Structures are given as structure tokens and as C-alpha cells.
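A short write-up of the structure that comes next.
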Amino acid sequence: MSTPTTPITVAKGDGIGPEIMEATLKILKEAGARLEIEEIEIGEAVYKRGFSAGIEDSAWESLRRTKVFLKAPITTPQGGGFKSLNVTVRKSMGLYANVRPCVSYHPYVATKHPVMDVVIVRENEEDLYAGIEHRQTDEVMQCLKLITRPGCEKIVRYAFEYARQNGRKKVTCFTKDNIMKMTDGLFHKVFEEVAAEYPELVNEHWIVDIGAAKLADTPENFDVIVMPNLYGDILSDVAAQIAGSVGLAGSANIGEHGAMFEAIHGSAPRRAGQNLANPSGLLLGAVMMLVHIGQGDVAERVHNAWLKTLEDGVHTYDIYDESTSTEKVGTKEFAEAVIKRLGQTPTKLKAVHYGKAEPIRVPPFAELRRPPAKKVTVGVDLFVHDRRSTAEVAAVVRTAETAKVELKMISNRGVMVWPRGLPETATVDHWRCRFVAKDYAQGLSHADIIEIYGRAVSAGLDVIKTENLCTFDGEPGYSKGQGE
Ligand code: NAD
């Protein structure tokens with residue numbers, strides 16, 4: 001019986017992209033990868049042909065069909081009007097998980113952290129990256145941070161499944177839920193719920209600031225770390241950098257409708273076309289791809305041969321060091337050295353075992369949605385653009401009270417300034433005025449809220465936004481103002 005091949009889409013990219021892709025594909029072929037390669041063009045030339053995201057419509061057809069994308073780095077043209085290709089692909093294919101192993105290869109690659117083998121699992125779609133930003137007043141800009149329960153559950157489940165499948169021992173979660181009790185609080189809560197389903201794995205949570213400090217100081221104490229988007233974005237770079245191997249790291253972007261695998265570095269245009277570049281980052285991205293498509297046996301052959309090459313001191317210029325290297329090679333020669341070692345395992349570095357790794361499966365987003373809670377609207381926050389003093393603003397805002405609501409408080413930049421406040425609190429032209437139902441159990445209708453809005457506008461207030469205050473199954477769905 002012939003072994004089935006898996007169709008994949010490949011893009012050779014810009015700069016050093018074509019060289020490192022050629023080296024990578026050659027190693028995969030020699031290792032026996034069962035692939036049917038479809039090539040698409042992305043990047044600089046496509047941008048210059050007028051496609052603002054660096055990818056043509058015809059390329060999407062291949063990506064949608066194969067659902068597996070091995071991508072070399074591209075050069076993003078300077079200047080405005082160009083959209084990030086990575087963000088476009090990530091959003092279009094719903095790539096919710098960014099997985100980045102950060103490993104040190106002591107003593108063959110210089111690092112301050114000889115023992116480091118951390119996998120960062122970053123949520124890729126939500127958080128402050130929804131791109132919903134507004135200028136609300138002369139002085140205030142706003143960026144909406146969106147965290148969803150199904151989104152948290154998907155990424156956290158992915159992290160635990162990844163840990164289980166890869167023989168990892170511990171999953172750590174970083175959030176800032178001491179401050180963002182609702183958004184990061186949800187991420188943390190879901191983490192604890194899901195962790196309970198994996199009793200064989202140690203789980204822990206750190207507030208992201210101290211967690212980041214510990215990661216940078218003692219990375220050997222971490223294993224798999226799962227994080228919301230922003231912290232993951234920052235800390236995956238920190239982790240790759242302190243491993244000493246930015247040029248060696250690969251990354252996977254996993255989604256429900258496809259997956260993309262790449263090196264974490266860019267297109268290094270100054271090194272292009274000189275047979276100098278290190279293909280290792282892309283090769284390790286390709287190893288993750290092989291595991292994803294169920295070719296763990298080939299992934300293991302490639303990864304172990306690569307480790308043996310590193311260990312034998314066969315190094316490209318970027319990691320060459322007279323004290324640890326035996327041979328300085330170019331891209332092609334490095335690939336040949338890996339091919340020569342296929343079937344071998346490292347003796348000093350830790351060998352990898354993927355065996356019969358299955359693609360990681362977590363329930364689709366739609367299945368993670370829960371039935372709606374009983375929702376009661378119990379008040380409204382009216383946001384007002386006004387340059388006057390606290391006392392002057394409060395006097396006008398109070399006239400918007402109706403028979404059903406009273407003005408509970410006014411805050412400025414989150415700090416309560418009325419009915420109590422400190423004279424030292426500096427204020428800007430952006431006031432959050434909280435109206436709460438007198439009859440909390442009965443709540444308010446949309447008409448009640450429109451009445452408050454209408455009264456405020458009639459009193460001459462520049463209302464810029466309203467945010468309903470609701471309870472969900474009796475639990476308040478809003479935070480208190482500082483000092484409230
Ligand atoms: P870069 O990662 O291309 O280069 C940073 C440094 O690392 C340079 O000194 C470079 O020579 C070296 N380097 C990178 N990869 C190497 C390799 N494989 N072997 C040896 N040395 C290597 O980052 P940059 O210079 O900031 O960006 C260059 C271009 O790449 C920009 O147009 C940027 O937008 C793009 N970029 C693309 C991606 C991507 O496609 N995923 C990611 C980052 C940057």
C-alpha cells in the first residue's frame with residue numbers, strides 16, 4: 001500500500017527566504033516526508049503589484065484547500081498603505097494559537113541560560129489586538145480589550161493538549177488579573193477549570209509581571225506557558241532571545257481552518273543570495289508542520305539529525321564560534337550536513353521523540369459556546385466629553401437622573417472623583433458617570449437608558465458613549481471604579 005501524501009502550500013518569500021526554503025524542502029524530501037507541494041507567491045513583489053496584504057486572491061484558493069502553509073519570511077515594504085501579511089493570514093484562517101518553542105542548545109549556541117526548554121502558547125486573535133480603537137475626546141484614546149470564554153477555552157485546551165502530547169510536565173498561565181479582574185480574570189478562571197481535567201500535569205498561575213521576571217531569570221523552571229495575546233507577543237520574543245537562538249526558533253500558528261508554520265526571524269535582506277543564512281528556524285517550523293499533519297516519524301528523523309549537526313559543530317556564520325564550532329558552512333552545506341545525519345540522534349543534546357504524534361485536537365469554537373445567562377440591565381455608564389471642573393460636571397450630570405435611576409458616582413481615568421474624591425486627582429476631559437437603578441431587581445429597559453441619555457444631551461452634555469451595566473445570573477458584569 002502506498003503511503004498517502006499530504007498537500008501543503010509553500011511560499012518561498014523574500015530576502016533569504018528562497019535559500020532557506022530550498023534547504024528545508026531538500027531535507028524534508030531526503031527524510032521521507034510525504035508531501036505534495038503547491039507553491040504560491042507572497043511578499044514584496046505581490047505588495048508592489050498593488051495587493052495591499054502581499055497576497056493574491058489565487059493564493060487563497062490553495063491555502064483554503066491544503067489548510068497547511070509553510071511560509072518563508074517576507075519583506076514588508078516601507079511606507080504606509082501596506083497591511084501585514086501575517087495578520088491577514090492569521091485572521092482569515094482563524095489561527096488562534098501561536099506556538100513557539102524556545103530552547104537553548106548549550107554549549108553549542110551561546111546562552112546565559114544553559115537549561116531552557118520552554119514552549120510559549122500565545123492566544124492569537126483576541127485581547128487588545130481586535131483593533132477597535134477610538135479617539136473619544138481631545139485628550140483620550142481608547143483601545144478595547146476583548147477576551148471571550150470560548151477563545152480562552154480554546155487556547156488553554158490547546159496548551160494542555162500540547163503538553164500532554166509532548167510529554168511535558170507543567171503548564172503555567174500568565175495574566176494580570178489582579179488589575180483586569182474581568183478580562184484576564186476570565187482567562188485565569190478558564191485556565192483553572194481546564195487544568196482540573198489534566199490531573200497528571202502540574203499547573204500554576206503567575207501575575208504576568210513577576211512571571212515574566214522569573215521567566216527571564218530562571219527559564220529552567222518553566223515548561224509550557226499559555227498567555228493572552230499581548231503578553232504572549234512580548235514574552236515569546238523575550239523567551240526566544242534569552243534562549244540565545246532567535247535565528248534557530250520556529251513557530252506554528254494553529255487554527256480551525258488551517259495552520260501556518262514559519263521561522264520567527266525576518267527576511268534578512270542584507271544576507272540574501274549569498275548562501276549564508278541559517279535555515280534552522282524554518283526547518284524547525286517545518287518539523288512542527290510534520291507533527292501537525294501526522295508525520296511525527298519524519299519530524300523526529302529531521303529534528304534529531306539537525307540536533308546532531310549542531311552538536312557536531314557544523315554551524316552557519318550566525319552561530320559560529322571558534323570554541324564550539326568545528327566547521328563554518330553555508331546554507332546548502334548545512335542542509336547537506338543534516339541530510340548526512342538523517343537516522344542519527346544527538347548524544348549530548350536531548351533527542352526528541354514524536355513517535356506517532358497525532359494532530360492536536362480541541363473542540364471547535366462553536367462547540368465551546370455556552371447557553372446564555374439570565375441578564376438584567378441594572379444601570380448605565382455614560383461617558384461624557386467635558387473640560388469643566390469635577391463639581392461643574394457633576395452638577396450638570398445630576399440633572400440627567402430619572403425617576404428610576406440615581407447618579408451613583410463619577411470617575412475620571414477610572415478613579416472616583418464624585419461624590420467623594422481627592423483634590424490631588426488629576427482629571428482629563430473624559431468622565432464616566434454611573435447611573436444605577438433604584439429598583440435593582442427590576443432593572444432597566446433600553447427605553448429607560450435612552451431617557452437618561454436624552455436628559456443628559458438636553459442638559460448640554462457631550463455624551464460620547466454609553467456602556468450598559470448588567471448582571472449575568474445575578475453576578476455583576478462590570479467593575480467598580482477605584483475608590484467606589
Ligand atoms: P531579521 O530577522 O530579518 O534580521 C535580524 C538580524 O538577524 C539580521 O542581522 C539578520 O542578518 C539576522 N538573521 C535573521 N535571520 C537569519 C538567518 N536565518 N540566518 C542568519 N542570520 C539571520 O529582521 P529585520 O532586519 O528587522 O527585518 C527584515 C525584514 O523582514 C523586514 O522587511 C521585516 O518586515 C521582515 N520580517 C518578516 C517576518 C516574517 O515574514 N514572518 C518577521 C520579521 C521580520
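The values are calculated or read from the model by the stated rules, or taken from the named source; none is laboratory data. Note that the coordinates shown come from a computational prediction; the quantities given were computed from them, not determined experimentally. Note that each Cβ is placed from the backbone with ideal geometry, even for glycine, and that neighbours are counted across all protein chains shown. These accessible areas exclude ligands, DNA and RNA; they are computed on the full protein's heavy atoms, side chains included. Shrake-Rupley method; radii C 1.70, N 1.55, O 1.52, S 1.80 Å.
Helix 331-340 axis versus longest C-alpha principal axis of the chain: approximately 70°, rounded to the nearest ten. Listed values for segment 254-265 are Karplus-derived 3J(HN,Hα) couplings in whole Hz (6.51 cos²θ - 1.76 cosθ + 1.60, θ = phi - 60°), namely 10, x, 6, 10, x, 8, 10, 10, 7, 7, 8, 7, and x replaces Gly and Pro.
Counted by Cβ distance under 14 Å from residue 373, the other residues give a net charge of +3, where Lys and Arg count +1 and Asp and Glu count -1.
For the chain, what ratio Rg/Rh do Cα atoms give with a Kirkwood hydrodynamic radius?
That ratio is 1.06, to two decimals.
Computed over neighbours whose Cβ is under 12 Å from that of residue 168, the net charge equals -1, Lys and Arg +1, Asp and Glu -1. Dimensions of segment 375-476 based on its C-alpha atoms, expressed as ranges along the principal axes with the largest first, amount to 38, 29, 20 Å.
Among the trypsin sites (Lys or Arg not before Pro) found in segment 378-484, those both in a DSSP coil and sparsely packed, with 10 or fewer other Cβ atoms within 10 Å of their Cβ, are 420. Projected label points at residue 402 and residue 257, each 7 Å from Cα along the beta carbon direction, are separated by 4.1 nanometres.
Can you pull out the GluC sites (Glu not before Pro) in segment 187-226 whose DSSP state is coil and whose Cβ has at most 12 other Cβ atoms within 10 Å?
Qualifying residues, ordered by number: 197, 200.
Taking only the C-alpha atoms of segment 112-243, the Rg (one decimal) and the largest Cα-Cα distance, Dmax (whole number), read 15.4, 54 Å.
Using Cα centres only, tell me the gap between segment 141-181 and segment 406-471 in whole Å. When both Cα centres are located, 33 Å separates them.
Of the DSSP beta bridges with both residues in the chain, give the percent that are antiparallel, rounding to the nearest 5.
Values: 50 of 79 bridges.
So the antiparallel bridges in the chain amount to around 65 percent.
Taking other residues whose beta carbon is less than 14 angstrom from the beta carbon of residue 7, and scoring Lys, Arg as +1 and Asp, Glu as -1, yields 0. Here the accessible area is traced with a 1.4 Å probe on the protein chains. For segment 375-476, carbon and sulfur cover 52 percent of it.
Protein heavy-atom accessible surface, 1.4 Å probe, per residue over segment 305-449: 55 Å². Computed packing ranks the peptides 243-252, 72-81 as 243-252, 72-81, most packed first, by mean other Cβ atoms within 10 Å.
Once the Cα-Cα distance is subtracted from the 0.36 nm per residue extended length, the residue 424 to residue 57 segment shows a gain of 126.4 nm.
For residue 138, the accessible surface of its heavy atoms amounts to roughly 90 Å² (probe 1.4 Å, protein chains only, rounded to the nearest 10).
Please tell me which of these pairs span more than 26 angstrom C-alpha to C-alpha: 91/154; 169/189; 67/328; 145/404?
67/328; 145/404
Counting only protein heavy atoms and a probe of 1.4 Å, the accessible surface of segment 69-188 is 55% carbon and sulfur. For residue 317, the solvent-accessible surface computed with a 1.4 Å probe is close to 80 Å², ligands and nucleic acids excluded.
State whether segment 428-484 is rounded, prolate or oblate according to the following rule on the C-alpha gyration tensor (a ≥ b ≥ c being the square roots of its eigenvalues): a/c under 1.5 gives rounded; otherwise a/b larger than b/c gives prolate, and the remaining case gives oblate. Verdict is oblate for segment 428-484. Calculated translational diffusion coefficient of segment 205-274 (37 °C, 0.692 mPa s; Stokes-Einstein with Kirkwood radius over alpha-carbon pairs) equals 234 µm²/s.
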